[in-house]
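The values are calculated or read from the model by the stated rules, or taken from the named source; none is laboratory data. Here the structure is a predicted model, which means the values were calculated and not measured. Positions of Cβ are generated from backbone atoms using ideal geometry, with glycine treated the same way; all protein chains shown enter the neighbour counts. Protein only, heavy atoms only, side chains kept; ligands, DNA and RNA dropped before computing areas. Shrake-Rupley method; radii C 1.70, N 1.55, O 1.52, S 1.80 Å.
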Amino acid sequence: TSAYGSGNGMYGNGPVTLGAGTSYGAAVGSVAGGQYAQYASNGMGGYGVNGGVQTIQGAPIYVRRPYPVAFNAPRLRVGGSAMPLGLAGFAGLSQFASGEVFTAKAAGFSKNADGTPNVARSISALDGIEYKDAFNAGNVFGGALEYDVSRGTTVFAGANMAEYEGQNVQNGTITDNLNAVTEDGNYQFGDMKTMGVEAGVRQYVGNNMGFRPYVSAAGGFMHNDEVTMTTTSHGGTVVTSPEKQVFIAEGWQPTAAGMIGAEMAMGNNAAIGVETGLRWTSDKSTNTESDNTWSIPVQVRGRLAF
């Protein structure tokens, strides 16, 4: 006798009982309505048709997972995360590339404290002084709060600080008209400290993993503390004691920067990178006419995701 159904060895209309020497009874049979025959013990070590097992009917029941599936937004553009927020920090150097802190000036008399001409002292024509000559490369550091709006685009807002060491610049000559003595003029600039706040966007190139180049653009405002300038003469005969004045007044200026760089993931929660670019800052309030500045920052970035 066939193990499935009765008659011709194909599926029958119901379960059948096989011989006692066979280890399994009829196990499968189709019935109307899409139901399946139940298994039942035949009391002889196999299965027959007279058991008491209830047939379960109906569609399968799907049980929900006991945990939610995380939203597949990027953490560090590596693997995804439900919270695409991050904190970034950076440090580096910034070198002025162009812009004059002091523009060229024709020959004339020096000025008294009240601004009137001092006919006893004459100053030769003076060359313009570039920011890069008046100040050394500055140390720059800062931080930002970042948010990944997509796997390739990050927006950020942050602050930065910089300090530029002032330099001594020799420029023209100073003449004591009463004693007919002329000496080279020396101008010592004080240190310049700045603080900036800005917001911007960074666009990455490439996939989620490993080395990823990017470009970024940001805009905001830059504040500078006042900067002094001390005048002396080489030899100390014409200018007998240093004469200090506030040359750059404290104030705010608009600023903007464009950067290029690359970032390397360091696990799921951290990344490091390097970047450089060009920063523009509007002209500062100085004693004489000055220019907008262009500077080149070179800095190392680090990012830690929440």
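Laid out as a table, the results:
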| read-out | value |
| --- | --- |
| Total residues in the stretch 157-200, condition of a type in the set (Asp, Glu) and within 30 Å of the chain's Cα centre (by Cα) | 4 |
| Strands (runs of 3 or more DSSP E) wholly inside the stretch 125-213 that include at least 2 residues being open to solvent by 80 Å² or more (accessible area, probe 1.4 Å) and either in contact (Cβ under 8 Å) with a residue 60 or more places away in the chain or aromatic (Phe, Trp, Tyr) (or both) | 138-148 |
| Criterion: surrounded by fewer than 19 Cβ atoms within 10 Å (Cβ to Cβ) and in contact with a strand residue (DSSP E or B) (Cβ under 8 Å, 6 or more places away or on another chain) - qualifying residue of 257, 265, 270 | 270 |
| Residue count for the stretch 226-278, restricted to those that are within 13 Å of the chain's Cα centre (by Cα) and either charged (D, E, K, R) or under 20 Å from residue 165 (Cβ atoms) (or both) | 2 |
